[in-house]
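What follows is calculated from the coordinates using simple rules that are stated; it is not laboratory data. Remember, predicted model here, so these are calculated numbers, not experimental data. Cβ: placed from backbone, ideal geometry, glycine included. Neighbour counts: every protein chain shown.
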Amino acid sequence: MRKLLLIFALFFALSASSTFACTNFLLTKGATTNGSCIISYAADSHVLFGAMYHWDAGIWAEGTMMDIYEWDTGKYMGKIPQAHQTYNVIGNMNEFQVAIGETTYGGREELWKQSGAIIDYGSLMYIALQRSKSAREAIVNMTTLVSKYGYASEGESFSISDANEVWIMEMIGKGEGEKGAVWVARMVPDGYVCAHANQARITTFPLNVRTSVSFENIDKLCFDKNITTVYSNDVISFAKEKGYFPTKAKNSDFSFSDTYAPVDFGGARFCEMRVWAFFNKINSTMKQYMNYATGRNIEHNSLGYATNRMPLWIKPDKKVSLHDVMDGMRDHLEGTELDMSKDPGAGPFACPYRWRPMEYEYNGKKYVHERTTATQQTGFSFVAQSRSWLPRQIGGIIWFGVDDAASTVYFPMYSSSTRVPHSFSEESGNMMKFSTEAAFWVFNQVSNFAYQRYNVIHPDIRTKQLELENNYINQVNMVDTGALKQINDNPSATLEFLTNYSCNTGNELTATWRDFYAYLFTKYMDGNIKVPVKGQMNPNKTNTQLPKWFLKEIVDFMGDKQLYIK
């Protein structure tokens, strides 16, 4: 398990209390250019050391118990019986191409605490990955675990995918006095794209029809492909008992999100806005939802439900590429009225970041900074790609990056790999121990250096990023071909081949980025821009120019104090 106990307890508390923290995109086979199922995930926390986790496959003796530690804090929670067989897990993807991501939406605070519960959202994901051969099996495992052992987290949205299907599941605990959780899971229709970003998004859902089943019959989910919705038995009755949903209201009118996590200004502006930004890139009709996503206008019906929300999933105008998803994770609301690089808060060098907090007051009024998909406090992010046309050992790739997604480079890690690159491992460093061996620290060097003069330095980062990622995408095609040639005759050699390629690529990327930081520092130090001549940095240089609007701000503030007098 993760070695979170090495991090200070104070940081645990801060991490657990962070808000508006993650973003997920979910794409079905029919929505992507090459027929992959794709989910993305950003693990955003100011105190999360970005690393790639690994669990070996295993066979366990009857009676073996598994220790459970809370993912955010490292707190020991208890024990559960270990499965007889567990599967290899690399990051958030396993050897069967099952991938899981999440975003925390919180929801009703009185449902967050449950005495005796031992399964938190992080443990839920990683246990399911070790035990599941399909997205449907992961849903069965996750919901069974919280039913047996209780749910010890706030409200969560989960993205769950395999080589053929993509699901969104939303869950919240029952609070004190009742074990378990209420939840709904829906399969994203093929050809469509879904997303969630710290705001529950499942509203109404089909009940008691051929395509829907409750938890008491959940075993049907794994063998009846007609079932595309599954929900806890008491998801509606529990809400009525608690007074969240009128007892005489029609069950068909019940909305999970509007009942357990009603959307407010913050839920729209800080969370739904990130969903809107991605949807808007791939579907030309999304401008109609701008007022909702900004939180300026949330309309409600007699139940108090928001009525002008965005759809749960959309059909893209054209199929979406792997690199489109990567770039979707790098969004700062460019091209919109809220573009983070365009207002004075961006400073003279158009930096699309704002240091926390996100809310501030001026002249008795409260204002906000935007919360965009790309953010400085990302620990790690990934784009998980499941490819049904390849053997499972070859088909799963988790494109992994650390730190700010806008400045990271996603490299390919085959999910059947039996090791992780040292520079991306938990052993490479931690949140309070700087090390140039750790990819996390090397990438932070580059991104934090760029924040000082973003529009001057970041174009160099973007050029290098594209060069490397496009090279990796081309390399994967050749690696796939090589692996296919030997998978049937020598599967163990194939796994070693894929592992070596993945680990070597990750470690080489860290070394490349270390050298790249040295190049950037040399070129841009002291506010200069040095000009390369014949491969060498010329001592001659140009100066970084301040924009006129910023110079005007200085003059308006200083008056004639800095006036040059001939």
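What length, rounded to one decimal in nm, is gained on full extension from residue 46 through to residue 448, with 0.36 nm per residue of separation minus their alpha-carbon distance?
Using 0.36 nm per residue and subtracting the Cα-Cα distance, I get 143.4 nm.
Cα gyration tensor of segment 83-209, axes a ≥ b ≥ c as square roots of the eigenvalues: rounded (a/c below 1.5), prolate (a/b > b/c) or oblate?
Cα axes put segment 83-209 in the oblate bin.
Of 469, 102, 109, how do they rank once you tally other Cβ atoms within 10 Å and put the fewest first?
109, 469, 102
Could you work out the helix-only [θ] at 222 nm for the chain, with each DSSP H run of four or more residues adding -39,500 (n - 2.57) and the total divided by the number of residues, to the nearest 500 deg cm²/dmol?
Calculated mean residue ellipticity at 222 nm is -9000 deg cm²/dmol.
Hey, could you pull the Cα Rg and Dmax for segment 34-125, both in Å?
Final numbers for Rg and Dmax: 15.5, 47 Å.
Can you give the FRET efficiency for residue 287 and residue 545, using 1/(1 + (r/R0)^6), R0 = 25 Å, r = Cβ-Cβ distance, to the nearest 0.05?
After rounding, the FRET efficiency stands at 0.10.
How many percent of all Cα-Cα pairs in segment 141-193 sit more than 12 Å apart?
Value for segment 141-193 (Cα pairs over 12 Å): 66 percent.
Ranking request for peptides 424-432, 25-33: highest mean number of other beta-carbon atoms within 10 Å first, then the rest in descending order.
Packing order, densest peptide first, comes out as 25-33, 424-432.
Past 28 Å, Cα to Cα, is the threshold; run 225/248; 530/561; 148/242; 240/366; 220/250; 225/315 against it and keep the listed order.
Long pairs (Cα-Cα over 28 Å): 225/248; 530/561; 240/366.
Can you compute the modelled spin-label distance between residue 209 and residue 492, with each label point 7 Å from Cα toward Cβ, in nm?
Output for this residue pair reads 5.2 nm.
Within 10 Å of each residue's Cβ, count the other Cβ atoms and sort 71, 55 from fewest upward.
Ascending Cβ contact count within 10 Å gives the list 55, 71.
Report the local net charge at residue 105: Lys and Arg +1, Asp and Glu -1, summed over other residues whose C-beta lies under 9 Å from its C-beta.
-2
Mind sorting out which of (1) 88, 67, 44; (2) 86, 65, 47; (3) 87, 52, 42 is the real Cα extents along the principal axes in Å computed from the coordinates?
Matching the structure shown: (2).
With a ≥ b ≥ c the root eigenvalues of the C-alpha gyration tensor of segment 415-566, is it rounded (a/c under 1.5), prolate (a/b larger than b/c) or oblate?
Here segment 415-566 falls in the prolate category.
With a ≥ b ≥ c the root eigenvalues of the C-alpha gyration tensor of segment 387-443, is it rounded (a/c under 1.5), prolate (a/b larger than b/c) or oblate?
Verdict is oblate for segment 387-443.
Going through the cross-link list 342/548; 464/548; 541/566; 365/548; 29/319; 75/133, which pairs have a Cα-Cα distance over 18 Å in this structure?
464/548; 541/566; 365/548; 75/133
According to a simple spin-label model (label point 7 Å from Cα along Cα-to-Cβ), what is the distance in nm between residue 558 and residue 76?
In this crude spin-label approximation the distance works out to 6.1 nm.
What's the ranking of 91-100, 480-489 by average number of surrounding C-beta atoms within 10 Å, highest first?
Highest to lowest by the protection proxy: 91-100, 480-489.
Setting aside same-chain residues fewer than 8 positions from residue 552, which aspartates and glutamates have a Cα under 14 Å from its Cα?
560
Considering only DSSP beta bridges with both partners in the chain, what is the antiparallel share in %, to the nearest 5?
Expressed as a percentage, antiparallel bridges in the chain total about 95.
Over the chain, what is the mean sequence separation of C-alpha contacts under 8 Å (at least six apart), divided by residue count, expressed as relative contact order in percent?
Computed value for the chain: 15 percent relative contact order.
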